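Let me begin by presenting the structure, written as structure tokens, before commenting on it.
The values are calculated or read from the model by the stated rules, or taken from the named source; none is laboratory data. Computed from a predicted structure; not experimentally measured. With ideal geometry, Cβ positions are generated from the backbone for all residues, glycine too; neighbour counts draw on all protein chains shown.
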Amino acid sequence: MSIIIGKDSKVIVQGITGSEGSFHTASMLGYGTPVVAGVTPGKGGQEVEGVPVYNTVAEAVGSHGTDTSIMFVPARFATDAVIEAIDAGLKTLVVITEGIPQKDAIAFVARATQKGGVTIIGPNCPGIISPPHRVKVGIMPNHIFKPGSVGIASRSGTLTYEIAWHITSAGLGQSTCVGLGGDAIVGLDFIKLLELFQDDEETESIVLIGEIGGNAEELAAEYIAETGYPKPVVAYIAGRLAPSGKRMGHAGAIIMGASGTAKSKIDAFARAGVPVVEKPSDIVGFLAKQEKLQNG
């Protein structure tokens, strides 16, 4: 059992002939991901890493019955690429691209909602990886992950890698790791992932990696409290020392007054009974205690 992606996924790479697309296609194939086609307008008939390239998503879907896409498309073309994938019937879209205007992200997230049954991860994200199934639709470094039972949901790409490495080094491993994206407007959020992790037999505990800006963490804390969430959750919040009104790294990490501050997020998790660690490395101690409790 896995969430969102699995061995039966059939993945296409939009923008496969570019430098990033070709590099990460090789990495995904090396990990075991079933990449069956690529799409670059005007480059149909070529191959990248042995993967056939088509001019349109519809052609790729028609030839291979694909259901998942990862996009390495420049920001100015990204919205058209996402909408093309939605209209072609793909169900999981991983939008790696950064710098997409908020109004464009709002438009394609709304289009996906209207279509129904479409999951968008990102934009401006590292994607998703499922170590037990050796499937990755993203740009994560393969070697820092190992099969395990810890689910990770993160707003930060680099912190995803750091915390995953700590978990791997402790011998615990991960079930599924998802980078939600660092923009103010994203598709998949903490609450939806918590729902998926709750129903996932492979996931025994969850790590939420948040940061300043927005209210995604506060909403997740409310959801955990209101539902009596049954699995142990631990959180880390980046940007504790960030001054108000400063943007820290990307569009999603900006705080205004008391809204979106590290304190507001930490307080919300405290009210929900979710421990918030001070350092990424502290997460391992919490998870080890949970594993000991679960194993009696």
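Descriptive notes on the structure:
- Members of region 151-176 found to be β-branched (Val, Ile, Thr) and either farther than 23 Å from GLY187 by Cβ or free of Cβ contacts under 8 Å to residues at least 24 places away in the same chain (or both), listed by number: THR158, ILE167, THR168
- Each residue in region 1-38 was checked for being in contact (Cβ under 8 Å) with a residue 40 or more places away in the chain and under 12 Å from THR66 (Cβ atoms), and 7 of them qualify.
- Residue check, GLU211 of a type in the set (Asp, Glu) and either within 20 Å of CYS125 (Cα to Cα) or in contact with a Phe, Trp or Tyr (Cβ under 8 Å, 6 or more places away or on another chain) (or both): yes
- Scanning region 8-26 for residues that are among the small types (Gly, Ala, Ser) and either buried (at least 17 other Cβ atoms within 10 Å of the Cβ) or more than 23 Å from PHE145 (Cβ to Cβ) (or both) yields SER9, GLY15, GLY18, SER19, GLY21, SER22.
- Test: GLU202 is in the same structural domain as GLY179 (by TED's automatic domain parsing), under 24 Å from ALA164 (Cα atoms), of a type in the set (Asp, Glu) and at pLDDT below 95: no
- Tally of residues being buried (at least 23 other Cβ atoms within 10 Å of the Cβ) and either within 24 Å of VAL82 (Cβ to Cβ) or among the polar types (S, T, N, Q) (or both) across region 180-202: 9
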